[in-house]
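Novice: Take a look at this one; I'll ask things after.
The values are calculated or read from the model by the stated rules, or taken from the named source; none is laboratory data. Everything quoted here is computed from the prediction, not taken from an experiment. Methodologically, a virtual Cβ is constructed for each residue, glycine included, from the backbone with ideal geometry; neighbour enumeration extends over all protein chains shown.
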């Protein structure tokens, strides 16, 4: 299998998995806005109610950033090197 | 439209096809936003906006340099996101999944002709080795050469994830049956302990009565007491008290 095919295969699997996890169709996933998708991500974990009182920022902005849910890049690098050394 | 915009367009297509989806995948899996990407997006936008703003006065080399640098940020985003996802997959399958199904006999379940544990370990090992290989390639450079290898690892991880998603009902049913069995064993042990307590209580009363009878008989009729003792011994042996 060529490298391009591997990447295409990976993208197609990724689409299926994300759509399954968000409970939407692949077509919807391709067409939804980023913020709408993030709302689905947050709703899935049942935490969207906490976003309501942040000055109207959340409905227009990025729900995960609004909730202060950042992925710690230092931890990520450390863990990556731990696992795959 | 200057022809270098085709190259810029290529970068945006790469963002749309790869980076955008990887960001969503990370968000879904971690429920967190990968903030290191924000800085890369900013840097990427800076280079593209320079071309838009000053492209007309830039030399061909200057434009090429800005496009090359913008492209490097797209590569950086892809690599960062792929790494974040490989960590999630590794921790999921090597830790959380094992913990969730600890003690559940799922290893020898056959799914479409494949033993569960065979498929699981083959995929996990292959994916892990591919990530290590990609990491080595990335260190030697150029970094973008490592992307297809990371993607190969992702295919292995993702196939395993889909395999588990598709067979989750069977896995959960097995887990529920195991839980039911464990609950029953716990209940049986509790019942057994209850009946043991009752038995000890009866034995205690019986022994006390015998002791009292022997005590009384010994002082009145020693022979009668010995006979009672023999009978008690027989009763103990027959009924295994």
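Novice: Any chance you could count how many residues in the stretch A:5-45 are assigned to a helix (DSSP H, G or I) and more than 8 Å from chain B (Cβ to nearest Cβ)?
Specialist: Number of matching residues: 14.
Novice: Can residue B:117 be described as touching a strand residue (DSSP E or B) at 6+ places or on another chain (Cβ under 7 Å) and outside the structural domain of residue B:17 (by TED's automatic domain parsing)?
Specialist: Criteria not met by residue B:117.
Novice: Follow-up question, since we're still on this one. Is at least one residue of the stretch B:37-45 over 30 Å from residue B:134 (Cα atoms) and without any contact (Cβ under 8 Å) to a residue 24 or more places away in the chain?
Specialist: Looking for residues that are over 30 Å from residue B:134 (Cα atoms) and without any contact (Cβ under 8 Å) to a residue 24 or more places away in the chain, one finds none in the stretch B:37-45, hence no.
Novice: Answer yes or no as to whether residue B:91 is buried (at least 20 other Cβ atoms within 10 Å of the Cβ) and either within 14 Å of another protein chain (Cβ to nearest Cβ) or outside any helix (DSSP H, G or I) (or both).
Specialist: no
Novice: Ok, one more. What number goes with the only condition from (1) surrounded by 15 or more Cβ atoms within 10 Å (Cβ to Cβ); (2) in a helix (DSSP H, G or I) that residue B:106 does not pass?
Specialist: (2)
Novice: Could you tell me whether the stretch B:167-185 includes any residue that is within 21 Å of residue A:6 (Cβ to Cβ), in contact (Cβ under 8 Å) with a residue 12 or more places away in the chain and surrounded by 17 or more Cβ atoms within 10 Å (Cβ to Cβ)?
Specialist: Looking through the stretch B:167-185, none of the residues is within 21 Å of residue A:6 (Cβ to Cβ), in contact (Cβ under 8 Å) with a residue 12 or more places away in the chain and surrounded by 17 or more Cβ atoms within 10 Å (Cβ to Cβ).
Novice: Mind checking whether some residue in the stretch B:128-141 is surrounded by fewer than 17 Cβ atoms within 10 Å (Cβ to Cβ) and away from chain A (no Cβ under 14 Å)?
Specialist: Scanning the stretch B:128-141, I find at least one residue that is surrounded by fewer than 17 Cβ atoms within 10 Å (Cβ to Cβ) and away from chain A (no Cβ under 14 Å), so the answer is yes.
Novice: Would you mind listing the helices (runs of 4 or more DSSP H) fully within the stretch B:1-80 where at least 1 residues are crowded, with 19+ Cβ neighbours inside 10 Å and within 14 Å of another protein chain (Cβ to nearest Cβ)?
Specialist: Because the criterion is at least 1 residues that are crowded, with 19+ Cβ neighbours inside 10 Å and within 14 Å of another protein chain (Cβ to nearest Cβ), the helices (runs of 4 or more DSSP H) in the stretch B:1-80 that meet it are B:20-30, B:36-54.
Novice: Sticking with this one: For residue B:144, state whether it is surrounded by fewer than 18 Cβ atoms within 10 Å (Cβ to Cβ) and more than 7 Å from chain A (Cβ to nearest Cβ).
Specialist: yes
Novice: Also: Tell me which of these residue B:220 doesn't satisfy, since it passes every other one: (1) more than 57 Å from the chain's Cα centre (by Cα); (2) surrounded by 10 or more Cβ atoms within 10 Å (Cβ to Cβ).
Specialist: Only one criterion is unmet by residue B:220, namely (2).
Novice: Here's a follow-up. Suppose we filter the stretch B:123-146 for residues that are more than 25 Å from the chain's Cα centre (by Cα) and part of a helix (DSSP H, G or I); how many remain?
Specialist: Qualifying residue count, the stretch B:123-146: 9.
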